[in-house]
Amino acid sequence: PLPVVAIIGRPNVGKSTLFNRLVGKRLALVDDQPGVTRDRREGEATLLGLDFTIVDTAGFEDEDAATLPGRMRMQTQAAVEMADVALFMIDARAGITPLDEEIARWLRSSGGTVVLVANKAEGRAGENGVLESLALGFGDPVQLSAEHGEGVADLFEALRPYI
Ligand code: GDP
Ligand code: MG
């Protein structure tokens, strides 16, 4: 079986944009089971010749803000448990939010392999967010623009040791 990479992060950071870019037309299956895996999408990804299964932990953007953190936590844990690597994505333009810090704590306590990705890093608007992300404790982020396809080689280098 292929190694599994799960994209983790709060809503709107660009998880699905990266998923779509890596999967292209090879979307393998949609997991429509009820519960925490309800919105999980899996696909077969190719990144510069590296093949893996990628999991997009879809968001709860339209749901009750009061229940969002708990539901996200369950979904994050389920994704991390099945993954060889968690790609923890933040929005470099928005900077680090309290929810990002909370997700960082969940990921740290999970003990799994985490690769930090600072998305929306095209141009200079992301520089502050990249610096802020160092405080999350996962080292230098991979700077990426999922929308513009920048940083793909750096993502490859960051993932390769683990998959
Ligand atoms: P998700 O909720 O984490 O899955 O985020 P989406 O993939 O749905 O993207 C949220 C928004 O961010 C959309 O409007 C995307 O077009 C935008 N977005 C995604 N990647 C980038 C990027 O690299 N740069 C910029 N500027 N916007 C992006
Ligand atoms: Mg999404």
(message) Please return the longest range in the chain lying between exposed loop sites, taking GluC sites (Glu not before Pro), DSSP loop only, at most 12 other beta-carbon atoms within 10 Å, and leaving the sites out.
(response) 64-163
(request) Express the relative contact order of the chain as a whole percentage, based on alpha carbon pairs under 8 Å and six or more residues apart in sequence. (result) 24
(request) Would you kindly state how much longer the chain becomes between Asp140 and Asp154 on full extension, computed as 0.36 nm times their sequence separation minus their alpha carbon distance, in nm to one decimal? (result) 3.9 nm
(message) Quick one: 3J(HN,Hα) in Hz for the range 40-57, Karplus 6.51/-1.76/1.60 with θ = phi - 60°, rounded, Gly and Pro as x.
(response) 7, 10, 10, x, 9, 9, 10, 10, 6, x, 8, 9, 7, 8, 10, 10, 9, 7
(message) Using the crude model of +1 on Lys and Arg Cβ and -1 on Asp and Glu Cβ, and no other charge, please compute the dipole size for the chain relative to its Cα centre, in debye to 20.
(response) 120
(request) Run the quick spin-label model on Met74 and Leu131: label points 7 Å from Cα toward the beta carbon, then report their separation in nm to one decimal. (result) 4.0
(request) Would you calculate a helix-derived [θ] at 222 nm for the chain, using -39,500 (n - 2.57) for each DSSP H run of n ≥ 4 and dividing by the full residue count, to the nearest 500? (result) -9500 deg cm²/dmol
(message) Explain nothing, just compute: Karplus ³J(HN,Hα) = 6.51 cos²θ - 1.76 cosθ + 1.60, θ = phi - 60°, for every residue of the range 146-161 in order, whole Hz, x for Gly and Pro.
(response) 4, 5, 9, x, 9, x, 5, 5, 5, 5, 4, 4, 6, 7, 3, x
(message) With unit charges on the beta carbons (Lys and Arg positive, Asp and Glu negative) and the dipole taken about the Cα centre of the chain, which residue among Val4, Leu18, Ile96 sits farthest to the positive side?
(response) Val4
(request) Just name one of Met74, Gly123, Val152: the one whose Cα is farthest towards the positive end of the charge dipole of the range 40-163 (beta-carbon charges, Lys/Arg +1, Asp/Glu -1). (result) Met74
(request) Apply the Karplus parameterisation 6.51 cos²θ - 1.76 cosθ + 1.60, with θ equal to phi minus 60°, to every residue of the range 100-105 and state each ³J(HN,Hα) to the nearest whole Hz, in sequence, with x for glycine and proline. (result) 4, 5, 5, 4, 4, 5
(request) May I ask what percent, to the nearest 5, of DSSP beta bridges between residues of the range 4-159 are antiparallel? (result) 40
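Quick note: the coordinates plus some simple rules give every number you see, no bench work behind them. Remember, it's a predicted structure, so these values are computed and weren't measured experimentally. Cβ atoms come from the backbone with ideal geometry, glycine included; neighbour counts cover every protein chain shown.
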